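Enquirer: Sharing a structure with you now.
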Amino acid sequence: MKLLIGGYTKKKATGIYELPLYNSKKGLEVELGDAREVIKVGGPTYFVQDGDLIFTINNAGDKGGISAFQLVNGAYQEKDSYLTPGSSPAYIGINRKDKLLYTANYHTAVLAVFSYTDEGKLSLIDSVTHTADTLGPKQEQADGPHPHFFDQTPKKNLVSCDLGNDCVDFYRLKDNHLEHLAKYQNEPGFGTRHIVFSPDGNYFYVVGELSSKVNVVKFSESDWTFTSIATYSTIPDNFTDHNGAAAIKISHDGKFIYVSNRGHDSITVFAVNDDHTLQLRQRVSTFGEFPRDFNWDESEQFVVATNQNSDNATLYKRNAKDGCLTPIQKDIYVPEGTRVLFSE
């Protein structure tokens with residue numbers, strides 16, 4: 001097993017790095033080895049994988065977009081790119097069954113759907129641009145809409161999170177056109193960033209970057225009704241420094257929610273009660289500065305968080321019974337990391 005980590009390329013980083021995960025000889029269960037660059041690309045702050053293909057954000061100077069790389073004879077080769085003038089997207093999601101990619105561009109407010117082939121050829125299918133409908137009161141929201149997430153719902157519709165407008169928008173792709181279906185409005189200043197869904201598809205948990213909160217919502221993809229259940233802080237009440245909540249994950253069994261905190265520099269663990277309310281279980285340090293993303297392996301036994309500003313990652317062992325994380329390796333060097341992906 002191995003780990004892929006990418007991020008900004010403003011200082012030392014030059015692309016996507018690969019780190020081997022192997023059985024440790026130092027008394028630990030597993031250990032991450034040294035990072036080596038496997039793809040040279042500008043600003044791969046988010047990327048996804050389908051077999052031997054990697055689709056990544058690409059910040060190419062005065063242009064931005066996505067690029068496809070394929071593993072050929074042990075090395076990744078660029079197969080195609082879709083770049084437009086201006087900033088690159090912030091998020092890329094994937095539908096491997098239908099060979100579709102979904103991008104959200106924080107700066108241009110554009111949501112886009114692409115198709116791809118087995119050879120990595122990219123084709124734009126459709127796009128929509130968010131407008132300043134319900135901008136929040138905070139400084140980061142004053143300049144317009146900021147979609148930060150675009151991916152599938154449990155019933156294969158599409159969902160976006162808009163930090164500027166404090167909202168969650170639902171779409172469907174019909175006849176190769178994006179059609180808006182519904183909107184859920186978060187509280188002003190929430191800073192809607194990322195979202196996960198319960199295994200039964202009847203609830204979602206949306207994290208607010210600017211509020212450092214998680215909102216639990218009961219909803220229906222049949223009649224698009226929404227009921228806010230509760231909202232929880234990801235940071236302690238007495239923490240007064242700046243914090244921006246970032247990534248949110250839900251365990252496969254739906255019993256635990258995890259959120260990264262940039263500023264408090266931690267991962268917050270919530271247990272999900274039977275009524276889908278949350279109970280704080282743990283706040284554990286990421287042992288670095290500004291953890292944007294974290295992820296786990298397929299078995300959810302091991303978790304890796306990467307710290308963007310301190311150029312390091314931390315490896316944890318996850319307890320499936322209580323959801324808690326135990327750090328087992330710290331100070332793993334990875335420059336400017338923002339995206340973590342376990343890979344076979």
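The values are calculated or read from the model by the stated rules, or taken from the named source; none is laboratory data. The structure presented is a predicted model; accordingly, all values stated were derived computationally and were not measured. All Cβ positions, even for glycine, are placed from backbone atoms using ideal geometry, and neighbour counts span all protein chains on display. Note: accessible area is taken over every heavy atom of the protein model, side chains too, but ligands, DNA and RNA are not part of it. Shrake-Rupley method; radii C 1.70, N 1.55, O 1.52, S 1.80 Å.
Enquirer: Being open to solvent by 10 Å² or more (accessible area, probe 1.4 Å), closer than 23 Å to G201 by Cα and aromatic (F, W, Y), is that true of even one residue in the range 279-302?
Expert: Yes, some residue in the range 279-302 is open to solvent by 10 Å² or more (accessible area, probe 1.4 Å), closer than 23 Å to G201 by Cα and aromatic (F, W, Y).
Enquirer: Kindly check whether there is at least one residue in the range 62-69 that is open to solvent by 40 Å² or more (accessible area, probe 1.4 Å) and either over 21 Å from the mean Cα position of the chain (by Cα) or more than 25 Å from Y333 (Cα to Cα) (or both).
Expert: Yes, because at least one residue in the range 62-69 is open to solvent by 40 Å² or more (accessible area, probe 1.4 Å) and either over 21 Å from the mean Cα position of the chain (by Cα) or more than 25 Å from Y333 (Cα to Cα) (or both).
Enquirer: For the range 329-343, check the following and say yes or no: at least one residue is at pLDDT 95 or above, assigned to a loop (DSSP other than H, G, I, E, B), open to solvent by 60 Å² or more (accessible area, probe 1.4 Å) and within 29 Å of D34 (Cβ to Cβ).
Expert: No - not one qualifying residue is present in the range 329-343.
Enquirer: Inspect the range 44-53 for any residue being modelled with pLDDT under 95, part of a loop (DSSP other than H, G, I, E, B) and open to solvent by 30 Å² or more (accessible area, probe 1.4 Å) and give the result as yes or no.
Expert: Scanning the range 44-53, I find no residue that is modelled with pLDDT under 95, part of a loop (DSSP other than H, G, I, E, B) and open to solvent by 30 Å² or more (accessible area, probe 1.4 Å), so the answer is no.
Enquirer: May I pose another question? Can you tell which of T227, T277, T192 is in contact with a Cys (Cβ under 6 Å, 6 or more places away or on another chain) and of a type in the set (S, T, N, Q)?
Expert: Values: T227 fails: in contact with a Cys (Cβ under 6 Å, 6 or more places away or on another chain); T277 fails: in contact with a Cys (Cβ under 6 Å, 6 or more places away or on another chain).
One residue alone meets the criteria, T192.
Enquirer: Quickly run through the range 70-98 and pick out the residues that are open to solvent by 60 Å² or more (accessible area, probe 1.4 Å), part of a strand (DSSP E or B) and not polar (S, T, N, Q).
Expert: If the condition is that a residue be open to solvent by 60 Å² or more (accessible area, probe 1.4 Å), part of a strand (DSSP E or B) and not polar (S, T, N, Q), then L71, E78, K79, Y82, L83, P85 are the ones that fit.
Enquirer: While we're looking at this one, here's another question. Within 14 Å of the chain's Cα centre (by Cα), farther than 18 Å from E29 by Cβ and part of a strand (DSSP E or B): which single residue out of A271, A247 fits that description?
Expert: Values: A271 fails: within 14 Å of the chain's Cα centre (by Cα).
Criteria check complete, one pass: A247.
Enquirer: Which of the strands (runs of 3 or more DSSP E) found entirely inside the range 122-226 contain at least 3 residues meeting this: out of contact with any Leu (no Cβ under 7 Å at 6 or more places or on another chain)?
Expert: Where strands (runs of 3 or more DSSP E) fall fully within the range 122-226 and carry at least 3 residues being out of contact with any Leu (no Cβ under 7 Å at 6 or more places or on another chain), they are 122-129, 158-162, 167-174, 177-185, 192-197, 203-208, 213-219.
Enquirer: Cβ-Cβ distance below 6 Å, separation of 6 or more or different chains: which pairs start in the range 71-91 with a residue that is more than 11 Å from F55 (Cα to Cα) and end on one that is open to solvent by 70 Å² or more (accessible area, probe 1.4 Å) and in a strand (DSSP E or B)?
Expert: L83/K63; P85/K63; S88/N59
Enquirer: Also: Counting just the residues of the range 122-132 that are open to solvent by 40 Å² or more (accessible area, probe 1.4 Å) and touching a strand residue (DSSP E or B) at 6+ places or on another chain (Cβ under 8 Å), which one comes out nearest to V72 (Cα to Cα)?
Expert: This residue is S123.
Enquirer: From G254, G189, grab the single residue that is surrounded by fewer than 17 Cβ atoms within 10 Å (Cβ to Cβ), within 23 Å of K317 (Cα to Cα) and not aromatic (F, W, Y).
Expert: Criteria check complete, one pass: G254.
Enquirer: Please enumerate the residues belonging to the range 99-121 that are part of a loop (DSSP other than H, G, I, E, B) and surrounded by 23 or more Cβ atoms within 10 Å (Cβ to Cβ).
Expert: N105
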